[in-house]
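Rule-based calculations on the coordinates, nothing more; no lab input. All values derive from a computational prediction rather than experimental measurement. FYI the Cβ positions are ideal-geometry reconstructions off the backbone, even for glycines, and counts take in every protein chain you see.
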Amino acid sequence: MVFFNLHLLAGIRLLVLILAMLLGLVVYVLMALTPMVPKRLFLPVTLFNPAAPLLFIPFMIYCFGRLPWVAWGFSLFQVMLGLWILSLAQGGWKLRWPLVPVERLGTRGFSWLNLCVFVLANLLILLPVTGVYLVLCTLAAVSHFSEGFMALHPAGITVQMRKYVRDDGKTVELFPMAHVADASFYRAISQTFPTNSIILLEGVTDENHLLTNGISYKRMADALGLAEQHETFAPERGEKVRADVDVSIFSTNTLALLKLVTQIHAQGLKPDTLQQLLLYPAPPDLMGEVMDNLVGKRNQHLLDELKTRLVQTDCIVVPWGVAHMPGIAEKIQQEGFHLTETHDYLVIRFHGSSVK
């Protein structure tokens, strides 16, 4: 996949992964039930498949453009780890049968002490460490990709509105948006838009019906008890102008991936859609191409519209998704706009939390 962009082993890879996960689960349970299974040898074997995706997360955050190479490195490490464990089990590098000699196994069939220690280690160490790790990864991802436009707090998720002013008095207000949020968030920001502003609205169209399923976040909103942006967000002040693109300008690869994603959004994650996702023949640098289409091209279209509309008004409001904000902020600052004001809004309130 990395060197020749061939996916001939994708089906075998999926089959081996499923078998390895199932066998790893069986062995992991056996380690809890009996001390016969040597944990020094089998813990790395059983924990590698569930741990690898967790260890992959920081690379997805900071090395997004090199993920195929990172995956290749993980695979190489997996082979080396397997050979090293095999050498430990064999007592050297000379291959013999059975792979795990009988003398390497314990003698006791069952131990309550082993079971209790194993369960407590999972409950008090493994699960808490995994939870803390995921929280830290989430904080890192939010901070890195949004450049401060979005933040995660104990009370919930917040976004930061930023107001930029140019020396001639022209202003641009950037309002980071979310496709699903508390209805109060959409009402709160709608009331802050100046009456003399032009609001450049986000919203990709599909005039030629290139996507099999429409882009909808209803399933997600219903599951989380939140409101959809296109259903609730309705500014009453200012002139509303659509400033987004049509999907026809996206590349073929991006459209193919969007079809699969919208199908999952519409139908849910079913076995057939999961199989399509796992076997998707991703071309080289697919994610870079997708980001250029979904963010880069749309940002450029918005900036062109912004320059045109600044002739007509002194105030432009840009309520677009968080992913667009860093690029837009950088470009308008290059045009002479300076940050003068910020304001935080609570997008999603965590249940049971309160905001002072």
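Structure notes:
- In terms of distances greater than 22 angstrom between alpha carbons, the cross-link table entries 218/297; 163/331; 259/331; 259/297; 297/331; 240/307 yield 218/297; 259/331.
- Around residue 239: net Lys/Arg minus Asp/Glu count, Cβ-Cβ under 15 Å: 0
- Two-site label geometry, residue 143 and residue 192: point separation in nm, points 7 Å out along Cα→Cβ: 2.3
- Under the membrane-span-like helix rule (DSSP H runs whose alpha carbons stretch at least 18 Å along the helix axis, mean Kyte-Doolittle hydropathy 1.6 or higher), the chain yields 10-33.
- Extending 7 Å from the Cα toward the beta-carbon at both residue 313 and residue 76 defines two label points whose distance is 5.4 nm.
- For the stretch 41-94 versus the stretch 180-238, the inter-centroid distance based on Cα atoms is 42 Å.
- Residue 52-residue 260 FRET efficiency (beta carbon distance; Förster radius 22 Å; 0.05 resolution): 0.40
- Difference of contour (0.36 nm per residue) and Cα-Cα distance, residue 17 to residue 244: 77.6 nm
- DSSP bridge pairs, the chain: antiparallel proportion in percent, nearest 5: 60
- The modelled label-to-label distance between residue 153 and residue 291, using points 7 Å beyond Cα along the C-beta direction, is 2.8 nm.
- Considering helices alone, the calculated mean residue ellipticity of the chain at 222 nm is -15500 deg cm²/dmol, with DSSP H runs of length four and up weighted by -39500 (n - 2.57) and normalised per residue.
- Within the chain: Cβ-based charge dipole about Cα centre, in debye rounded to nearest 20 (Lys, Arg +1; Asp, Glu -1): 1660
- Using only Cα coordinates, the Kirkwood hydrodynamic radius of the chain works out to 24.4 Å.
- Order of 84, 72 - criterion: other Cβ atoms within 10 Å of each residue's Cβ, fewest first: 84, 72
- Net length available on complete extension from residue 231 to residue 276 is 13.2 nm, with 0.36 nm assigned per residue and the Cα-Cα distance removed.
- Antiparallel DSSP beta bridges within the stretch 148-349, as percent of all bridges there, nearest 5: 60
- Percentage, to the nearest whole number, of Cα pairs in the stretch 10-141 over 25 Å apart: 39
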